[in-house]
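One structure below.
The values are calculated or read from the model by the stated rules, or taken from the named source; none is laboratory data. Source: prediction; values computed, not measured. All Cβ positions, even for glycine, are placed from backbone atoms using ideal geometry, and neighbour counts span all protein chains on display.
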Amino acid sequence: MALTFQCECGNRTALFATGDIDEQGREYIEPEDDERVTYIVGDHGVLFRCGFCGYTYRLEKMRTIE
């Protein structure tokens, strides 16, 4: 699996499945090994910051997965 991040400025990178699985059967994902995007996980969601133009996107926490 791969998730793609594409900024309005044209910067594009991906998050890839690692093959490692947690105790509940969910697979970990990691960003490509570059500085194209940084992310911060907070209490209310995730912030993605473009490494090229600096624009920041916010993904709000919707609900807890049980």
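A few points about this structure:
- Residues (more than 14 Å from Phe5 (Cα to Cα) and of a type in the set (Lys, Arg)) located in the stretch 22-38: Arg26
- Scanning the stretch 23-46 for residues that are farther than 20 Å from Met62 by Cβ and either loosely packed, with under 10 Cβ neighbours inside 10 Å or aliphatic (A, V, I, L, M) (or both) gives Glu23, Gly25, Asp33, Asp34, Val37.
- Residue in the stretch 11-18 that is of a type in the set (Gly, Ala, Ser), within 10 Å of the chain's Cα centre (by Cα) and surrounded by 13 or more Cβ atoms within 10 Å (Cβ to Cβ) present: yes
- Unmet criterion (only one of (1) at pLDDT 95 or above; (2) in contact with a His (Cβ under 7 Å, 6 or more places away or on another chain)) for Lys61: (1)
- Residues located in the stretch 27-38, provided they are closer than 10 Å to Cys50 by Cβ, in a strand (DSSP E or B) and not hydrophobic (A, V, I, L, M, F, W, C): Thr38
- Qualifying residues in the stretch 39-65 (those that are part of a loop (DSSP other than H, G, I, E, B) and free of Cβ contacts under 8 Å to residues at least 12 places away in the same chain) - the one nearest to Gln6 (Cα to Cα): Gly54
- The single condition among (1) of a type outside the set (Phe, Trp, Tyr); (2) free of Cβ contacts under 8 Å to residues at least 12 places away in the same chain; (3) part of a strand (DSSP E or B) that Gln24 does not meet is (3).
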